[in-house]
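Below you'll find the structure, written out as structure tokens, and then a few comments.
The values are calculated or read from the model by the stated rules, or taken from the named source; none is laboratory data. Source: prediction; values computed, not measured. Cβ: placed from backbone, ideal geometry, glycine included. Neighbour counts: every protein chain shown. In case anyone asks, the SASA skips ligands and DNA or RNA and just uses the protein heavy atoms, side chains included. Shrake-Rupley method; radii C 1.70, N 1.55, O 1.52, S 1.80 Å.
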Amino acid sequence: MKNINLSLKKISLPILFLGFLVTSCEKYLDQDPQDSVTEAVYFDTPEQFENAANYLYTRFTFDNGDEASDLSGNYTTPDYGQGLMAPTDADHTNITDDVWDDNYGRLRAPNQLIEKAVDFLGDQSEISTSIGTAYFFRAWHHFILLKRFGGVPIVTNSLDVTSEEVYAPRNSRYEVIYQILTDLDEAIAKLPTANNVEQGKLTTEAAMAYKARILLYEATWDKYVGETTDGDGVTAGAGSARPTGYPSVEEMLTEAKQLALNVINNGNFELWDQRATACGDDHLFYLYNLEEGSNPAGLTKVDNKEFIIQAVYDFSLRNLNRNNSHAKPVTPSRKMMDMYLCTDGLPVQYSSVFEGYDEMTSEFQNRDLRLKSFVYEPLKEYWGRGLSIDGGGAQYGTDFADAGTGFDYRYVPQLQSISGGRNIGYQGRKFVSEQIDRDGNSASPNWPVLRLAEVMLIYAEATVELGGGNISDTDLNISINKIRARAGVAPLTNALIAPYSDLTMLGEIRRERAIELDGENFRFNDLMRWGIAEEELNKNVCLTYITGTEYETAENPKSLGNTIYNASGFPLGLTSGEQSTSSYAGIATTKAGALLLDVSGNRNWNISRYLYSIPNNEIELNTNLLQNPGW
């Protein structure tokens with residue numbers, strides 16, 4: 001089968017060297033060339049097992065590569081949100097799929113390590129960490145496959161052409177989840193604790209946090225989506241067979257909550273909160289581009305205790321090789337802008353401190369610090385490349401101790417016209433760097449695969465689900481109120497939302513998740529596991545308001561010869577009436593006068609889009625693979 005790499009996975013020394021910065025250069029350079037090392041010799045010593053396990057860390061990459069772009073009803077790129085999934089043939093099914101190919105190919109390495117550990121003649125404790133790492137990554141690849149396709153063939157052996165698994169039918173999603181949870185239990189038992197490893201390596205706590213993520217995901221999928229995407233396993237899909245001992249929704253939520261609490265109370269991780277440093281209110285912006293010289297407080301990756309699992313990059317040794325200023329920032333929609341809370345803890349439609357939309361900067365006032373950290377504020381000066389406002393005379397670092405290390409002028413975003421294309425009124429800045437030597441494809445921040453803030457969100461969501469929509473203020477203080485505090489937002493309490501009939505604890509916790517994990521590849525999966533993707537993704541996608549005096553202020557840069565709003569760039573025009581509110585977070589209605597980027601008539605999300613189609617070429621190779629329902 002094309003989907004499974006049957007050859008021995010060779011380990012390239014350059015890739016090994018670049019892939020993780022956890023062992024000395026000499027240690028790698030002393031290894032024999034991998035193409036001359038036999039399989040038997042390679043797994044002969046604890047060091048060789050460690051090298052094989054270290055190679056698996058190359059699977060942690062920027063964006064993680066397991067989803068389409070994190071663009072949903074909150075964002076402005078329409079393709080995936082419209083229900084279009086490429087590459088497709090005339091019937092809209094996948095011809096081939098890199099996620100299928102890559103993850104099945106990559107399963108061979110962890111499977112092989114686990115198999116070879118059985119034959120190891122030394123003390124098993126000497127290779128325990130390596131074995132735990134392999135179990136983690138076996139779970140990792142199966143979960144990526146499950147999120148995309150539902151039930152898939154489980155592969156727990158390093159295969160050859162005679163292996164039965166090569167032509168096996170699909171396992172049900174419940175069998176896959178059961179295998180994933182079993183593997184993670186092995187990883188939890190075998191990996192070291194966080195206080196005994198170098199930054200960037202997997203730990204017991206990392207495996208616990210990852211298991212909590214999966215338990216919450218599958219518990220809510222089971223609760224809100226159920227078996228509707230499974231198929232009967234006879235004519236379509238993978239069926240709904242559940243293995244003996246498969247946990248109930250309540251059991252999964254209970255374990256997710258407990259695992260999350262264990263990690264929160266562990267003491268080895270802490271939320272990033274650098275408001276008291278020179279980073280000030282922009283401290284969350286600097287978390288996501290953290291490198292030496294990237295911020296006015298001189299903070300480095302060593303100061304980041306929030307990332308529990310991370311893809312490790314280095315400017316010299318493992319460069320990201322992409323321009324985050326162009327490739328990563330996500331432009332928020334009207335809905336996303338209104339999801340950000342005001343400083344009193346209330347949404348815009350109820351807050352007494354919200355300043356409205358009359359001027360370009362009004363909606364940024366008295367708001368969540370994450371809004372200002374992740375979205376450029378109109379007319380505000382930023383360090384970076386753009387339209388210079390001072391002739392290039394100012395140096396990044398003038399007010400910093402390390403002067404002159406960054407960009408050589410300030411610029412004001414949004415002086416360009418709102419004219420369509422990329423110029424649509426808002427600009428995202430999460431993951432963007434201000435450093436002058438990171439302007440090209442050279443940014444090297446670590447990618448947050450899983451961080452403490454997510455664990456706190458898992459705790460809160462699992463708790464409110466177990467409570468039938470209720471959660472105590474004490475549980476909120478353990479979890480998301482810590483996240484809100486560093487964002488300058490008042491705590492969420494039962495008393496705060498009691499006067500508003502359309503605000504619920506479940507909705508507010510889901511709102512927090514959308515805001516905190518913005519741009520980190522969760523949104524589509526969240527909407528699907530909550531069973532509301534069709535409702536949310538089939539709405540109009542709107543942008544900034546073009547009404548009142550918003551573009552007629554004294555600061556309006558028409559004095560620079562620019563026309564701010566060019567209607568010809570927006571053929572769909574403006575909204576003429578109120579748009580419907582969100583069903584789960586009390587999002588304010590979109591009033592008349594908002595730019596329309598996409599209309600509901602162009603959007604065709606339905607239950608079949610909760611899963612991708614099985615690639616046609618794989619079905620041709622293995623006729624036991626049945627296509628997902630609706631494809």
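Remark: segment 254-320 carries a charge dipole of roughly 160 debye about the Cα centre, counting +1 on each Lys and Arg Cβ and -1 on each Asp and Glu Cβ. The Cβ shell under 11 Å around GLU126 holds other residues with a net charge of -3, Lys and Arg each +1, Asp and Glu each -1.
In this calculation the C-beta distance from GLU270 to SER442 is compared with R0 = 30 Å, giving a FRET efficiency of 0.55.
Across segment 149-256, the fraction of Cα-Cα pairs farther apart than 24 Å, rounded to a whole number, is 36%. On full extension, the segment bounded by ASN262 and LEU466 gains 71.7 nm, given 0.36 nm per residue less the C-alpha separation. Ordering ILE154, ILE458 by accessible surface, largest first, gives ILE154, ILE458; the 1.4 Å probe counts only protein heavy atoms, with every chain in place. Solvent-accessible area per residue in segment 156-292 equals 41 Å², computed with a 1.4 angstrom probe and all protein chains kept.
Counted residue by residue at 0.36 nm each, then reduced by the alpha carbon distance between them, the extension gain from GLU164 to GLU115 reaches 15.9 nm.
Treating r as the C-beta distance of ASN319 and THR277 and R0 as 35 Å, the FRET efficiency rounds to 0.85. The orientation-averaged projected area of the convex hull spanned by the Cα atoms of segment 253-333 comes to 8.0 nm².
For VAL161, VAL348, the ranking by accessible surface with the largest value first comes to VAL161, VAL348, using a 1.4 Å probe. Between THR156 and GLU126, the FRET efficiency from the beta-carbon distance, with R0 = 35 Å, is close to 0.90. Here ASP475 sits with roughly 30 square angstrom of accessible surface, probe radius 1.4 Å. The heavy atoms of CYS342 present about 0 square angstrom of accessible area, all protein chains included, probe 1.4 Å. Heavy-atom accessible area for GLU620, with the other protein chains in place and a 1.4 Å probe, reaches approximately 140 Å². If you sort SER442, SER294, SER248, SER125 by accessible surface, 1.4 Å probe, largest first, the order is SER125, SER248, SER442, SER294. Can you send over the carbon and sulfur percentage of the accessible area for segment 434-526, probe radius 1.4 Å, protein chains only? Here carbon and sulfur together make up 53 percent of the probe-accessible area.
Here the extension length gained between ASP44 and ASP303 equals 89.5 nm, from 0.36 nm per residue of separation less the Cα-Cα distance.
Pairs from the list LYS257/LYS301; LYS147/LYS372; LYS147/LYS539; LYS257/LYS430; LYS305/LYS380 with a Cα-Cα gap above 26 Å: LYS257/LYS301; LYS147/LYS372; LYS257/LYS430; LYS305/LYS380. If you bin all the Cα-Cα distances of segment 491-547 at 10 Å, starting from zero, the percentages per bin are 18, 40, 35, 7.
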